Amino acid sequence: MNPKSNLLAYLALGAVCIIWGTTYLALRVGVTQFPPFLFSGIRFLLAGPILLGLLYFIRKPAMPSRKIIAQQAVSGLLLCTFGVGIVGWSEMFVSSGLAAIICSVMPIWVMLINFAISSDDQPALPVVLGLVIGLAGIVLIFGEHVSDFSDPNYTLGIFTTFLGNICWAFGTVWVKKKTEATDPFLAAGLQMLFGGLFLLPMSLLFDDYSTITTSGDMLFALGYLILFGSVAAYASYSYAIKKLPMTLVSLYAYINPIVAVVLGALLLSERLNLRIGIGILITLAGIYVVNRGYQIRTFLRTQFSKE
């Protein structure tokens with residue numbers, strides 16, 4: 001990798017770490033003033049074609065096959081419709097910082113799903129230890145919000161945030177195991193397009209259109225999520241994952257919740273104190289231990305298979 005390419009890759013990774021950390025705040029601003037599923041649907045229905053249009057203007061790639069289109073439609077359903085869409089709906093009832101903390105556990109869900117679908121892929125001791133550490137951090141954070149559980153909407157918001165996060169994890173596994181090698185920018189554009197289309201019937205079923213308003217804050221949040229949270233961040237992530245080691249790129253999952261919690265406290269006066277801060281660090285440490293344990297085990301298996 002030449003120095004210029006290396007610098008661009010690190011800049012792209014830095015953009016992902018910051019931008020995806022800010023999207024939780026923008027999403028909360030949007031869904032508290034606009035029907036949440038419709039809000040996310042408009043976001044992806046605009047972001048997908050923009051990214052595809054830029055791609056075809058710059059590269060003019062070959063048209064994807066029906067199989068690839070179908071695969072990306074499933075990916076969009078899991079990642080954008082259920083993953084982002086449900087988390088966005090949940091942020092009507094929980095803070096953007098808390099939603100980001102819950103979503104930071106996504107790498108652990110991916111590990112557990114892999115363990116469940118592969119009988120010879122059982123968790124090693126470091127993985128189990130990391131799960132316990134991460135759970136302890138989540139318990140510590142929720143301990144600060146015990147009184148909030150008396151509100152049924154808050155409890156529902158917590159449950160659905162976990163649900164959306166698990167859907168994102170299933171989508172991640174699906175993309176890794178089931179989809180064919182596809183241009184990452186094309187895949188991202190198709191996923192967002194189909195994700196937005198699938199959000200429309202969910203909006204008809206669950207959204208309350210009497211809450212529609214068009215404030216400057218809502219429009220700014222929508223524009224930010226389209227151009228930066230979707231088009232720019234997806235492009236940056238695709239470039240970083242191509243140029244840098246996966247273990248390095250995965251650092252974004254640890255930085256996003258910190259950015260989200262700090263911004264939520266500064267701009268929306270969301271709760272942040274020493275106990276929550278310690279809980280965040282413990283949770284992220286647990287996720288890191290899980291990832292490292294999985295990476296070490298994979299490395300050792302590769303070495304033994306060569307002997």
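Considering only residues that are surrounded by fewer than 21 Cβ atoms within 10 Å (Cβ to Cβ) and not in a helix (DSSP H, G or I), look in region 94-119 and name the one that is modelled with the lowest pLDDT. So the residue we want is Ser119. Listed here are the helices (runs of 4 or more DSSP H) enclosed by region 230-276 that have at least 1 residues being at pLDDT 80 or above and not small (Gly, Ala, Ser): 233-243, 252-267.
Among the residues of region 2-12, some residue qualifies, meaning at least one is outside any helix (DSSP H, G or I) and surrounded by fewer than 16 Cβ atoms within 10 Å (Cβ to Cβ).
For beta carbons closer than 8 Å, sequence separation of 6+ or different chains, a first residue in region 244-260 that is within 14 Å of Leu98 (Cα to Cα) and basic (Lys, Arg) and a second that is assigned to a helix (DSSP H, G or I) and modelled with pLDDT of 75 or more, there are no qualifying pairs.
Which residue, of Thr23, Thr32, is within 19 Å of Trp168 (Cα to Cα), of a type in the set (S, T, N, Q) and either out of contact with any Cys (no Cβ under 8 Å at 6 or more places or on another chain) or free of Cβ contacts under 8 Å to residues at least 40 places away in the same chain (or both)? Working first, answer last.
Details: Thr32 fails: within 19 Å of Trp168 (Cα to Cα).
Result of the check over Thr23, Thr32: Thr23.
Among the residues making up region 147-179, those that are closer than 16 Å to Phe93 by Cβ and β-branched (Val, Ile, Thr) are Thr155, Ile158, Thr160, Thr161. When region 56-85 is filtered for residues that are surrounded by fewer than 24 Cβ atoms within 10 Å (Cβ to Cβ), in a helix (DSSP H, G or I) and among the aliphatic types (A, V, I, L, M), the ones remaining, listed by number, are Ile58, Ile68, Ile69, Ala70, Ala73, Val74, Leu77, Leu78. Return a yes/no flag: does region 54-62 have any residue that is at pLDDT 90 or above and out of contact with any strand residue (DSSP E or B) (no Cβ under 9 Å at 6 or more places or on another chain). Yes.
Results for (1) aliphatic (A, V, I, L, M); (2) out of contact with any strand residue (DSSP E or B) (no Cβ under 8 Å at 6 or more places or on another chain); (3) on the phi > 0 side of the Ramachandran plot; (4) crowded, with 16+ Cβ neighbours inside 10 Å, shown as yes or no for each residue.
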{"residue": "Phe170", "(1), (2), (3), (4)": "no, yes, no, yes"}
{"residue": "Lys178", "(1), (2), (3), (4)": "no, yes, no, no"}
{"residue": "Leu193", "(1), (2), (3), (4)": "yes, yes, no, yes"}
{"residue": "Gly196", "(1), (2), (3), (4)": "no, yes, no, yes"}
{"residue": "Ile212", "(1), (2), (3), (4)": "yes, yes, no, no"}
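The values are calculated or read from the model by the stated rules, or taken from the named source; none is laboratory data. Being a predicted model, the structure only gives us computed values, none of them experimental. Don't worry about glycine lacking a Cβ; one is built from the backbone with ideal geometry, like all the others, and counts go over all protein chains shown.
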